[in-house]
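Nothing in this text is a laboratory measurement; each read-out follows from the coordinates by a stated rule. Computed from a predicted structure; not experimentally measured. Neighbour counts run over all protein chains shown; Cβ positions are idealised from the backbone, glycine included.
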Amino acid sequence: MESGPPPLFNQGVSARARLGIFAILAIMLLLVDARLRALDAVRQGLEVVLYPVERTLLWPRDAARQFGDYLSSIASLTHENDALRRAVLDFAQKAMVAEQRAAENAQLRRLLDVRPPPGTRVVAVQVLYESRDRFSQKVVIDRGGRAGVAAGSPVVDDAGVVGQVTRVYPLTAEVTLLTDKEQSIPVLVPRNGLRAVAFGGVEPDTLDLRFMAANADLKDADLVVTSGLDGVYPPGLPVAKIERVERDVKDQFAHVVMRPVAAVHSNTVVLVLTVDDAGRPPAPEPAPERSERDARKAGRR
């Protein structure tokens, strides 16, 4: 008894036969394509036709990949910018320190060339800070009485007079700057030998020559040096240059404004001039004691 389907459902060639036919056909097509390259044109045409479909199907993957690359590039650039910003700040700080040290070294070299007047001793000091009193112009230095700094000692830099020591402590000292309103210094104009007294100016960072006659021989840019008449400042130290001379016919005195030649407010290292023991006048010798007999003779005479 047959177990196959009834004749009504027979549809021609069986499935196995079709599988064999298609397998043989596929093998033949592979051989023909491998030997004769006959299907290259068909393959290229299908590739051209299906390329838009392929790109459409791959678009979500490419978009996700590009978005991920964009986010990673933003994170990388942010990290790189932070690193560059820190490097720039570090370099700027190092450059500032190097510039400050170069300025200090240049100032120290200029101070080494300063030749103190005969009979004086030079003490190099560092400026610690400025006075907190806004009505006075004073600085504090890092040397005091133990280092030989005495009250009244002149303070100079490589250009000229900076001020005068006005208060001394064991380890520090206070220096009143040249431009303080309460400070005065006898000066001389080398061009004509005119003597005067310079005071701290009314304008910031200036000096005034007070009580100068209106017809005094003073010109702009005249150099003013110490006269040495006060016995405190050695003679010949540069003090200031005349900035302007204002003369009024109604006033008998001229208004003379000067600008200090020294860097009064920007010095970090200055020199204190102290009187050396060799420069002090010798002490008077005590009078020899006379005998009683000589005293009687002197009394009789």
Select from segment 195-257 those trypsin sites (Lys or Arg not before Pro) which occupy a DSSP coil region and have at most 15 other Cβ atoms within 10 Å, ordered by residue number. LYS219, ARG247, LYS250
Report, ordered by chain and residue number, the lysines lying within cross-link reach of LYS219, taken as a straight Cα distance under 26 Å and ignoring same-chain residues fewer than 8 apart. LYS181, LYS241, LYS250
Taking all pairs of different Cα atoms in segment 120-278, averaging 1/r and flipping that mean, what Kirkwood radius in angstroms comes out? 16.0
Which value in nm describes the separation of the simple spin-label points at ALA95 and ASP69, placed 7 Å from the Cα toward the beta carbon? 3.6
Across 5 Å bins from 0, what is the distribution of all Cα-Cα pair distances for segment 13-91, in whole percents? 3, 11, 8, 9, 8, 9, 9, 7, 6, 6, 5, 5, 4, 3, 2, 1, 1, 0
What is the distance in Å between the Cα centres of segment 50-89 and segment 194-266? 71
Which lysines, on any chain, are close to LYS94 with Cα under 21 Å apart, when same-chain ones fewer than 8 places away are left out? none
Counting other Cβ atoms within 10 Å of each Cβ, which GluC sites (Glu not before Pro) in segment 153-248 have at most 14 and sit in a DSSP loop? GLU182
Pulled fully out, how much extra length does the chain show between VAL202 and TRP59, if you take 0.36 nm times their separation in residues and subtract their Cα-Cα distance? 43.5 nm
